[in-house]
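Report on the following structure.
The values are calculated or read from the model by the stated rules, or taken from the named source; none is laboratory data. This is a predicted model, so every value here is computed, not measured. Here Cβ is always computed from backbone atoms with ideal geometry, including for glycine, and neighbour counts include all displayed protein chains. With ligands, DNA and RNA removed, areas are computed over all heavy atoms of the protein, side chains included. Shrake-Rupley method; radii C 1.70, N 1.55, O 1.52, S 1.80 Å.
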Amino acid sequence: MADLISIIVPVYNTSVNLLEKCMESLISQSNHKIEIIIVDDGSKMQIAKKCDDYANDNSNVKVIHKN
């Protein structure tokens, strides 16, 4: 059995398009033994909500919001 691979995605006020490209690429990977941890370091509301949307739609995505 393969080990779980953790991918950490740091986010701080990046563009929505860049976040979408990154996340869609990670979510579409053929290896399903991955967890994606988004670390939102005080981003504006639009990016923070987009991070939450990915976590709500994908069981292997977690979000950590920091101030």
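Brief remarks follow.
- For region 17-43, a residue qualifies if it is surrounded by 12 or more Cβ atoms within 10 Å (Cβ to Cβ) and farther than 14 Å from LYS66 by Cβ, and the qualifying residues are LEU19, GLU20, CYS22, MET23, LEU26, ILE27, GLN29, ILE34, GLU35, ILE36.
- Annotation note: Cβ proximity below 8 Å between a residue of region 50-64 that is closer than 13 Å to GLU35 by Cα and touching a residue at least 24 places away in the same chain (Cβ under 8 Å) and a residue that is open to solvent by 50 Å² or more (accessible area, probe 1.4 Å) and among the acidic types (Asp, Glu) (sequence gap 6+ or interchain) occurs for VAL63/ASP52.
- When residues in region 26-67 are screened for being under 21 Å from ASP3 (Cβ atoms) and part of a helix (DSSP H, G or I), 2 of them pass.
- Condition broken by ASP57, with the remaining ones in (1) closer than 17 Å to ASN67 by Cβ; (2) surrounded by fewer than 12 Cβ atoms within 10 Å (Cβ to Cβ); (3) among the charged types (D, E, K, R) satisfied: (1)
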